[in-house]
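The values are calculated or read from the model by the stated rules, or taken from the named source; none is laboratory data. Please read these numbers as outputs of a predicted model, since none were measured by experiment. Heads up, the Cβs are rebuilt from the backbone with ideal geometry, glycines too, and the neighbour counts pull from every protein chain shown. Note: accessible area is taken over every heavy atom of the protein model, side chains too, but ligands, DNA and RNA are not part of it. Shrake-Rupley method; radii C 1.70, N 1.55, O 1.52, S 1.80 Å.
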Amino acid sequence: MRKKIFLIPILILLLDQITKLAVKGFDLFGWNYPGMMLGESRPVLGDFLRWTFVENPGMAFGLDFGMPVILSLFSIAASIFLVHLLRKTSADGWSGLWIALALVLGGAAGNLIDRVFYGVFYNYAPLFYGRVVDFVDVDIPDFSLFGRELERFYIFNIADAAVSVGVVLLLIFYPTSGKQTAPSPIVS
């Protein structure tokens, strides 16, 4: 069971990268697929769900602190830490915690590939200065939050969705000192 949990982040990583390549396009080993133009939007379910191609140089929700190398290095460290947690956490009765960690790891690794390699792969920036490809554009009911009017949800990708679901599951399944069924680390 321990090794099988790594199938989840691998599947998320593959799905994330395949969809990003389909949106951004590629020219690899004689295969040329043009993808979408930056800013282009295509309806999937009418106006409710669209594929809209944008690139994000920062982190979630377009937050950009102007330090792409630091963000990339932090992502690498976080991914290594998540692998360590997955390897050390016991699965006895706690598959929810494992799945949560696996989702976060898969999503973090997916966006990490964009940040570290896409600048070089697409020939627009050096290593660690790539931009994350986002494309899932969902309509939401209009509302105001902190003085800002929101009409559509932020554009995101498969990796972002995996991290978000994983974090929610972590909040649900993370053991607290008061729970008697908390997972115990496997001692090596």
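Helical content of the chain, expressed as a calculated mean residue ellipticity at 222 nm, amounts to -13500 deg cm²/dmol (DSSP H runs of 4 or more residues, -39,500 (n - 2.57) each, divided by residue number, nearest 500).
How long is the gain from Leu73 to Met37 if the chain were fully straight, where each residue apart is worth 0.36 nm and the alpha carbon distance is subtracted? Intermediate values should be presented prior to the final figure.
Numbers: separation 36, 0.36 × 36 = 12.96 nm, distance 2.91 nm.
Full-extension gain reported as 10.0 nm.
As a calculated quantity, the FRET efficiency between Tyr174 and Leu145 at R0 = 22 Å, using C-beta atoms, amounts to about 0.25. For the chain, the tally of Lys pairs with Cα-Cα distances below 28 Å comes to 7, considering only residues 8 or more apart or on different chains.
What is the calculated FRET efficiency for Val165 to Asp47, with r their C-beta to C-beta distance and R₀ = 30 Å, to the nearest 0.05?
0.75
Placing +1 on the Cβ of every Lys and Arg and -1 on the Cβ of every Asp and Glu, with no other charges, gives the chain a dipole of roughly 900 debye about its Cα centre. When both segment 84-163 and segment 2-25 are represented by their alpha-carbon centers, they are found 12 Å apart.
Ranking Phe6, Pro141, Gly25 by Cα position along the charge dipole of the chain, where only Lys, Arg, Asp and Glu carry charges on their C-beta atoms, puts Phe6 farthest toward the positive end.
Working with all protein chains in place, sort Arg131, Arg148 by solvent-accessible area computed with a 1.4 Å probe, largest first. Don't jump to the answer; show the numbers that get you there.
Values: Arg131 75, Arg148 130 Å².
Largest accessible area first, the list is Arg148, Arg131.
The local environment of Asp139, defined by Cβ-Cβ distances under 15 Å, has a net charge of -2 under the rule Lys, Arg +1 and Asp, Glu -1.
Shown for the chain are the DSSP H helices of 24 Å or more along their axis, judged by Cα atoms, with a mean Kyte-Doolittle hydropathy of at least 1.6: 7-24, 68-88, 95-113. Let me check I've understood the local charge: for Leu150, count other residues with C-beta under 12 angstrom from its C-beta, Lys and Arg +1, Asp and Glu -1. What total comes out? Around Leu150, the charge tally is -2.
Taking 0.36 nm per residue of sequence separation and subtracting the Cα-Cα distance, how much length would be gained by fully extending the chain between Lys88 and Asp27, in nm to one decimal? Taking Lys88 through Asp27 to full extension adds about 17.9 nm, to one decimal.
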